[in-house]
Each structure stands twice: as structure tokens, then as C-alpha cells.
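What follows draws every value from the coordinates through simple rules; no lab data is involved. Fair warning: this is a prediction, and the values are worked out from it, not measured in the lab. Virtual Cβ from ideal backbone geometry, glycine too; neighbours counted across all protein chains shown.
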């Protein structure tokens, strides 16, 4: 066992964890943060995507002890004060959710993308979510939702001004 301290969605947690425990299982099983999903368990599907120290990671590939001292963001922290985030609202508005299993990981990947690049091209959006698989929507609505979220944060006006 190893003692770790992490900050998740602004709240500090201290726990003892087995050295082989993944961050995914630590979040879900130990802390009850079940929004992060397990899809493949091998880093191939993106369902477990969270943000760790400002970068999207597959939590199934990170050991909990590797997150000691880290700041983590999960889907539970995306909505503030009961209001959906801009990205979550865009997913809702553009019907980018069907079964919803991939949605938390998609939202976290989109969050990471838009923080690093608030004005992404369609190709950059596709690249930004390429590690996240969805078997239901066909991606078109997801891409449109991320484009809309970028526009809602003020980047659409900048795009239009550049082309005027």
C-alpha cells in the first residue's frame, strides 16, 4: 500500500492505495466517482479520459500512485453550480449523445483540446478526439458540438473576423 494525496475537481483526497491499482479504479471504486467509464482497459477507447495536471490522460493506463500530488478533473467537476459546462451544453444541443457511455471521455478530451486550442479547425477537432471511440453517433454531431462549444467561448467571432 502507498499513501497518496490528490486534488479532484478542487477537493483534496488522501487514501492508501495498492501499488497496482489504476487511477480509473481508484476514482470509480474507492471514491465513487463513476462518471469516468471503463471501456477497454487498455487505453484504446477513451471512455476513461480525465484531465491530470492540465492534460487529458486515459485513467486506465495511469497507476493511482502515479497521480500522487496531482490535480485531477473528472466529468463530475465539469458542471458548475448545477449548470452544464459550455461543452456539455453543446453536446446536448447538437444531439452528440446517444447511449452516453463515451460522453464523459469525449467531454474531457474536448475540454483539454479547447483549453490548448480555443480556435480549432475541424481537422484539429478530429485529431483531438481521435483516441475516443463512439459506436453510436458517427462523430458528426460530436464534431459539430465541439465546434459550437469553441464558438460559444468567443472564438467563433474571431473566426468570422479573420474571414471578413
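Show me, bin by bin at 10 Å from 0, the whole-percent P(r) of the chain based on Cα pairs.
The distribution over the chain is 11, 40, 32, 14, 3, 0, 0, given as percents.
Can you give me the distance in nm between label points at residue 5 and residue 44, each placed 7 Å from the Cα along the Cα-to-Cβ direction?
Distance between label points: 3.9 nm.
Can you sort 99, 136, 48, 60 by how many other beta carbons sit within 10 Å, fewest first?
Ordered from fewest to most neighbouring Cβ atoms within 10 Å, 99, 136, 48, 60 come out as 99, 136, 60, 48.
Taking the range 2-77 on its own, what percent of its Cα-Cα pair distances exceed 16 Å?
So the portion of pairs separated by more than 16 Å is 39 percent.
Given an 8 Å cut-off on Cα distances and at least 6 residues of separation, report the relative contact order of the range 2-77 as a percent.
Normalised by residue count, the contact order of the range 2-77 is 40 percent.
How far, in degrees from 0 to 90, does helix 103-116 lean away from the longest principal axis of the Cα atoms of the chain, to the nearest 10?
70
Give me the distance in nm between label points sitting 7 Å out from Cα along the Cα-to-Cβ direction at residue 20 and residue 53, one decimal.
2.6
Can you tell me, using C-alpha contacts under 8 Å and at least 6 residues apart, the relative contact order of the range 40-164 as a whole percent?
Worked out over the range 40-164, it gives 29 percent.
Between residue 84 and residue 152, what is the label-point separation in nm under the 7 Å Cα-to-beta-carbon projection?
Label at residue 152, label at residue 84, 0.7 nm between them.
Taking the alpha carbon gyration tensor of the range 86-163, what are the square roots of 5 times its eigenvalues, largest first, to the nearest whole Å?
Listed largest to smallest, the semi-axes of the range 86-163 are 21, 12, 10 Å.
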